[in-house]
1. Do any GluC sites (Glu not before Pro) in the stretch 114-158 lie in a loop, going by DSSP, with at most 11 other beta-carbon atoms within 10 Å of their beta carbon, and if so which?
2. Please get the size of the charge dipole for the chain, origin at its Cα centre, with Cβ charges of +1 on Lys and Arg and -1 on Asp and Glu, quoted in debye to the nearest 20.
3. PRE reach from Ala137 (point 7 Å along Cα→Cβ): which of the stretch 24-64 fall under 16 Å by backbone N?
4. Expressed as a whole percentage, what fraction of the accessible surface of the chain belongs to carbon and sulfur atoms when a 1.4 Å probe is rolled over the protein heavy atoms?
5. When all protein chains stay in place, what accessible area (Å², nearest 10, 1.4 Å probe) is found for His143?
6. May I ask you to give the solvent-accessible area per residue for the chain, in square angstrom, as obtained with a 1.4 angstrom probe?
7. What relative contact order, as a whole-number percentage, does the chain give when Cα pairs under 8 Å and 6 or more residues apart are counted?
8. Could you give the Stokes-Einstein D for the stretch 23-64 in µm² per second, using the C-alpha Kirkwood radius, 10 °C, 1.306 mPa s?
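The values are calculated or read from the model by the stated rules, or taken from the named source; none is laboratory data. Please read all numbers here as calculations on a predicted model, not as lab measurements. Heads up, the Cβs are rebuilt from the backbone with ideal geometry, glycines too, and the neighbour counts pull from every protein chain shown. Remember, those area values only see protein heavy atoms, side chains included, never the ligands or the DNA or RNA. Shrake-Rupley method; radii C 1.70, N 1.55, O 1.52, S 1.80 Å.
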Amino acid sequence: MRLLKRLFQAPDRGAAPILYAAIVARGREAHWYEAGGVPDTIDGRFDMIAAVMSLVLLRLEQDPQAIPFSTQLTEVFIDDMDGQLRQIGIGDIVVGKHVGKMMGMLGGRLGAYRDALAAGTFGEALVRNLYRGEVPAPEALAHVETALRAFHARLAGEPAAALLAGELA
């Protein structure tokens, strides 16, 4: 009976779905698209959510005890992307390939943002990854860079326990 439960019951991911919902809500805030000039498209929304998600994952990797939780959070992201792709009509046969590509994109952004924050080239990384190489108006880029740096700073001061409880700074 336990085998059947394990096969057909959704896995328990603790507070990861709550934190992921907060990440998505943060990534969908209107100011990113209005003042920040992020394209309000499927790709633009994915890129914005990936930017917020990357900053949260960067914070979680600072605490070795949070690594299992970051895995759960990434699994929730995968489940959401799978569902979103199916909802827009991507067929079962290629959903896995698309999800794999999205995971690669998230991983690439995670590395790019980590390196750029350390090197002081965050704006350049945003142009490459968030705006996909299309240089936005200077005030739009400044808005997004300032807001994401402030978010990154708030996350740095946030106890890992709060994130593990699903709370977002």
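1. In loop regions of the stretch 114-158 (DSSP not H, G, I, E or B), the sparsely surrounded GluC sites (Glu not before Pro) are Glu134.
2. The calculated dipole for the chain is roughly 500 debye.
3. 31-40
4. 58 percent
5. It works out to around 60 Å².
6. Each residue of the chain exposes 54 Å² on average to a 1.4 Å probe.
7. 36 percent
8. 149 µm²/s
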